[in-house]
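J.: Dropping the structure in here first, questions after.
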Amino acid sequence: MRVARVDGGWQCQLLAADAGDELPVLERALGEPAVDGSPGPFVVVVDSRLYFVVLRHGPGGLVRALISDATFQEWLLAAEVVERYGIGAEDGAAPLDGRLAATVDDAFDDDGTGWPGGDLDVFSDAGLPAEELGRLLDADDLWADEMVLRIAERLGFAEQLTAAAAA
């Protein structure tokens, strides 16, 4: 899904069915950064309800990346995102109790859940600070698509997301 601010509102566009299989396709779908000072577009992909990836433009045209669970290295998209953007589980948020994983291979906390990685500030300029996003990503009772819906609700594009996904 590509999400962008257009004329003061949010617009969600469903990507091609195979877009989530290749990172270069997602990067191209990101398009150009916003020039009017509004939060720029981003691409979000939920893979098998297990994890999601967010790509967004950063300073100087660099792409910022977030993965909700950097430990899913057996999944192609997760492995590509972690490798291309140099993400380790320790690069994202530590669990709320402060424990921090040393490596991706040892990145599970006591209850067997994974760890987010990458840029937790990816939505800060749109109104979702890293601390709040970190708490959401730490919720063991939510699937990845439910996390994305909560992000959409928090940022104000849940209706557009739901409509685009249903189309």
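The values are calculated or read from the model by the stated rules, or taken from the named source; none is laboratory data. Remember, predicted model here, so these are calculated numbers, not experimental data. As a convention, Cβ positions derive from the backbone with ideal geometry for all residues, glycine included, and neighbour counts pool all protein chains shown.
J.: For the subset of region 35-57 comprising residues that are surrounded by 15 or more Cβ atoms within 10 Å (Cβ to Cβ) and part of a loop (DSSP other than H, G, I, E, B), which member is modelled with the lowest pLDDT? Give the derivation first.
T.: Residues of region 35-57 surrounded by 15 or more Cβ atoms within 10 Å (Cβ to Cβ): 39-47, 50-57.
Then keep just the ones that are part of a loop (DSSP other than H, G, I, E, B); that gives 39-41, 50.
Details: P39: 66, G40: 78, P41: 89, L50: 91.
Ranking the candidates gives P39 first.
J.: On to the next question. Please go through region 134-150 and pick out each residue that is touching a residue at least 40 places away in the same chain (Cβ under 8 Å), out of contact with any helix residue (DSSP H, G or I) (no Cβ under 7 Å at 6 or more places or on another chain) and part of a helix (DSSP H, G or I). Give the steps one after another, and end with the answer.
T.: Within region 134-150, the first condition is being touching a residue at least 40 places away in the same chain (Cβ under 8 Å), and the residues that meet it are 134, 137-138, 143-145, 147-148.
So of that shortlist, the ones also out of contact with any helix residue (DSSP H, G or I) (no Cβ under 7 Å at 6 or more places or on another chain) come out as 134, 138, 143-145, 148.
Listed by number, the residues that qualify are G134, A144, D145, V148.
J.: G114 versus (1) modelled with pLDDT under 95; (2) under 24 Å from F72 (Cα atoms); (3) in a helix (DSSP H, G or I): which is the lone unmet condition?
T.: Condition (3) is where G114 drops out.
J.: Of a type in the set (A, V, I, L, M), part of a helix (DSSP H, G or I) and modelled with pLDDT of 90 or more - does that describe any residue in region 62-73? Explain how you work it out, then say what you get.
T.: Start the filter on region 62-73 by keeping residues that are of a type in the set (A, V, I, L, M), which leaves 62-63, 65-67, 70.
Still in the list and also part of a helix (DSSP H, G or I): none.
Scanning region 62-73, I find no residue that is of a type in the set (A, V, I, L, M), part of a helix (DSSP H, G or I) and modelled with pLDDT of 90 or more, so the answer is no.
J.: Here is a follow-up. For region 117-132, give me the residue count where each residue is within 18 Å of T71 (Cα to Cα) and out of contact with any strand residue (DSSP E or B) (no Cβ under 6 Å at 6 or more places or on another chain).
T.: As a first pass, look at region 117-132 and keep what is within 18 Å of T71 (Cα to Cα): 117-120.
Subset that is out of contact with any strand residue (DSSP E or B) (no Cβ under 6 Å at 6 or more places or on another chain): 120.
Counting residues in region 117-132 that are within 18 Å of T71 (Cα to Cα) and out of contact with any strand residue (DSSP E or B) (no Cβ under 6 Å at 6 or more places or on another chain) gives 1.
J.: Taking into account only those residues within region 1-30 that are at pLDDT below 85 and within 25 Å of A78 (Cβ to Cβ), which is surrounded by the most Cβ atoms within 10 Å (Cβ to Cβ)?
T.: Checking each candidate, the answer is G20.
J.: Tell me which residues, restricted to region 20-61, are among the aliphatic types (A, V, I, L, M) and over 15 Å from the mean Cα position of the chain (by Cα).
T.: Taking region 20-61 first, the residues among the aliphatic types (A, V, I, L, M) are 23, 25-26, 29-30, 34-35, 43-46, 50, 53-55.
The answer is V25, A34, V35.
J.: Here is a further query. Pairs needed: first member in region 1-22, under 26 Å from S48 (Cβ atoms); second member anywhere, among the basic types (K, R) and not in a loop (DSSP other than H, G, I, E, B); C-beta distance under 7 Å; at least 6 residues apart or different chains.
T.: That search, which allows pairs on different chains as well, returns Q13/R2; L15/R2.
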